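Novice: Got a structure here, written out as structure tokens. Questions coming.
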Amino acid sequence: MAKINLAVICGGRSVEHEVSLVSAKNILAAVDQQKYNLHLLAVAKDGSFRYYRNWQNFLNHPDDTNFVSLKPEGFTPVAFLSADARGQVLLLSETQEFLQLDVVFPIMHGTFAEDGKMQGFLEMLNLPYVGPDVLASSISMDKQVTKQLTDQAGIKSAKYLTFTSATRAEITLESIEAALGLPVFVKPANSGSSVGISRATDELSLYQAVEQAFSVDHKILIEEAIVGREIECSVLGNHGALQAGEVGEIIPSSKHGFYSYDAKYLDEDGAALLIPAPLSPAKKKEVQELAKQIFVTLNCEGMARVDFFLDGKDQVIFNEINTIPGFTKISMYPKLMMAETGLTYSALIDQLIELAIKRHQRNSALLLEKKMVE
Ligand SMILES: Nc1ncnc2c1ncn2[C@@H]1O[C@H](COP(=O)(O)OP(=O)(O)O)[C@@H](O)[C@H]1O
Ligand SMILES: [Mg+2]
């Protein structure tokens, strides 16, 4: 069988740039090179696209946490053009070289990556890509829009208020406390990795939290604080055939207070991860079914990790969805899916790629039908 030309795209302009590089490294190391020709593309922090010929260097330096092996000399700046009817070509601007790509794994998180923008770009290139499509990615990225849709589907989540820079002056401790109680969590509508999120207990911390959230997005959410456990579940599949992963639990260390950026990435002992989460079989099933329902409600296909709280009354409360979850060694998405299905890391990547190609074929067939009607 002919090898599949797989491009891994990492980096990006978001605050989660570094996390993305770690995920990409794991994916490159895991994919079966008998099946795939691998290509590495990265979006630098300035937004420029780079093609790395020496991606193996990246893997040959396990201690290279600063990604020196991906140093600037090792890349070719690239411009993309959809050059034929199938669009499965990209143009390397320096060498005028054409490269056949069959599928892309965009392993980038946050803004300009996980929010539908990269997905729209890949659609324009007519390339199949791993993970949810443009619509699902953008609605899942925006925490207010996500909640509007899940509320409508009857899915329970924390009570919240939304403010924009235009309504910011309406935020007072009295009105927030009356609506949501104290403490509250203040978060940018569009963010990730806990960037810009803080817990507020009084007037000063509320003021600081609002300031911080508005430095990340012009729309913010203020939420009632849920006291309880944090649990997560992976979902894999396209419309009509979904697989829920194992349910895991995250126990942030008490010194961080909540699952903050530091607890996630900077502090090795920042959080304990339990797989499986200690839950009754019925509760596990309830979480898995809810994860799939949320995945469908938000129009997702491919993959997503759905995060919940379990409150003091053992109620499952939806927190948020991540459409390009981390693929680092400690990342929950692959761990939970592998634990439930017995798939290896590389077989999981195979499945994600197969789902991407199948969706693209399905959508391409639809377009052809429409053309015939015209
Ligand atoms: N309403 C809430 N109640 C309690 N903890 C919360 C709440 N919202 C967020 N948190 C804490 O903040 C962390 C990050 O918030 P989250 O909404 O998941 O944002 P991100 O997209 O940055 O991961 C959560 O994992 C949790 O520890
Ligand atoms: Mg989160």
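Novice: Could you list all residues from the range 6-16 that are at pLDDT 85 or above and not in a strand (DSSP E or B)? I'd like the intermediate steps shown before the answer.
Specialist: At the first step, the residues of the range 6-16 found to be at pLDDT 85 or above are 6-12.
The one that is at pLDDT 85 or above and not in a strand (DSSP E or B): 12.
Novice: Looking at the range 183-223, which of its residues are over 18 Å from residue 114 (Cβ atoms) and within 16 Å of ligand 2 (Cβ to nearest atom)?
Specialist: Step one: list which residues in the range 183-223 are over 18 Å from residue 114 (Cβ atoms), which gives 183-186, 198-215, 218, 220, 222-223.
Answer for the range 183-223, where residues must be over 18 Å from residue 114 (Cβ atoms) and within 16 Å of ligand 2 (Cβ to nearest atom): 185, 186, 198, 199, 213, 220, 223.
Novice: Looking at the range 254-279 only, could you name the residues that are open to solvent by less than 60 Å² (accessible area, probe 1.4 Å) and hydroxyl-bearing (Ser, Thr, Tyr)?
Specialist: The answer is 259, 260.
Novice: Okay, moving on. Hey, any hits in the range 85-103 for a residue that's surrounded by 15 or more Cβ atoms within 10 Å (Cβ to Cβ), modelled with pLDDT of 90 or more and assigned to a strand (DSSP E or B)?
Specialist: Taking every residue of the range 85-103 in turn, at least one turns out to be surrounded by 15 or more Cβ atoms within 10 Å (Cβ to Cβ), modelled with pLDDT of 90 or more and assigned to a strand (DSSP E or B).
Novice: Kindly provide the set of residues from the range 228-263 that are within 8 Å of ligand 1 (Cβ to nearest atom) and of a type in the set (Val, Ile, Thr), ordered by number.
Specialist: Result: 250, single match.
Novice: Here's something else I'd like to know. Only residues that are surrounded by 15 or more Cβ atoms within 10 Å (Cβ to Cβ) and under 13 Å from residue 347 (Cα atoms): list them for the range 29-43, please.
Specialist: Initially, the range 29-43 is screened for residues surrounded by 15 or more Cβ atoms within 10 Å (Cβ to Cβ), giving 30-31, 35-43.
Across the range 29-43, the qualifying residues are 30, 31, 35, 36.
Novice: Here is a further query. Are there any pairs, at least 6 apart or on different chains, whose C-beta atoms fall under 6 Å, with the first in the range 161-185 and modelled with pLDDT under 95 and the second more than 16 Å from ligand 2 (Cβ to nearest atom) and hydroxyl-bearing (Ser, Thr, Tyr), and if so, which?
Specialist: Short answer, once both residue conditions are applied: none.
Novice: Within the range 160-182, can you find the residues that are more than 16 Å from ligand 2 (Cβ to nearest atom) and aromatic (Phe, Trp, Tyr)?
Specialist: Within the range 160-182, 163 is the sole residue that qualifies.
Novice: If the requirement is being open to solvent by 50 Å² or more (accessible area, probe 1.4 Å) and more than 9 Å from ligand 1 (Cβ to nearest atom), which of these qualifies: 189, 200, 179, 169?
Specialist: Details: 189 fails: open to solvent by 50 Å² or more (accessible area, probe 1.4 Å); 200 fails: open to solvent by 50 Å² or more (accessible area, probe 1.4 Å); 179 fails: open to solvent by 50 Å² or more (accessible area, probe 1.4 Å).
Selected residue: 169, the only one of 189, 200, 179, 169 that is open to solvent by 50 Å² or more (accessible area, probe 1.4 Å) and more than 9 Å from ligand 1 (Cβ to nearest atom).
Novice: Being open to solvent by 50 Å² or more (accessible area, probe 1.4 Å) and within 25 Å of residue 45 (Cα to Cα) is true for just one of 123, 114, 174. Which residue is that?
Specialist: It is 123.
Novice: Sticking with this structure for a sec: Among 184, 216, 247, 195, which is farther than 30 Å from residue 132 by Cα and of a type in the set (Val, Ile, Thr)? Break it down stepwise before answering.
Specialist: Numbers: 216 fails: farther than 30 Å from residue 132 by Cα; 247 fails: farther than 30 Å from residue 132 by Cα; 195 fails: farther than 30 Å from residue 132 by Cα.
Every option except 184 fails the conditions.
The values are calculated or read from the model by the stated rules, or taken from the named source; none is laboratory data. Note that the structure is a prediction, hence the values are computed from the model and not measured. Note that we place each Cβ from the backbone using ideal geometry, even for glycine, and neighbour counts take in every protein chain shown. For the accessible areas, the whole protein counts, side chains as well, though only heavy atoms, and no ligand, DNA or RNA atoms are used. Shrake-Rupley method; radii C 1.70, N 1.55, O 1.52, S 1.80 Å.
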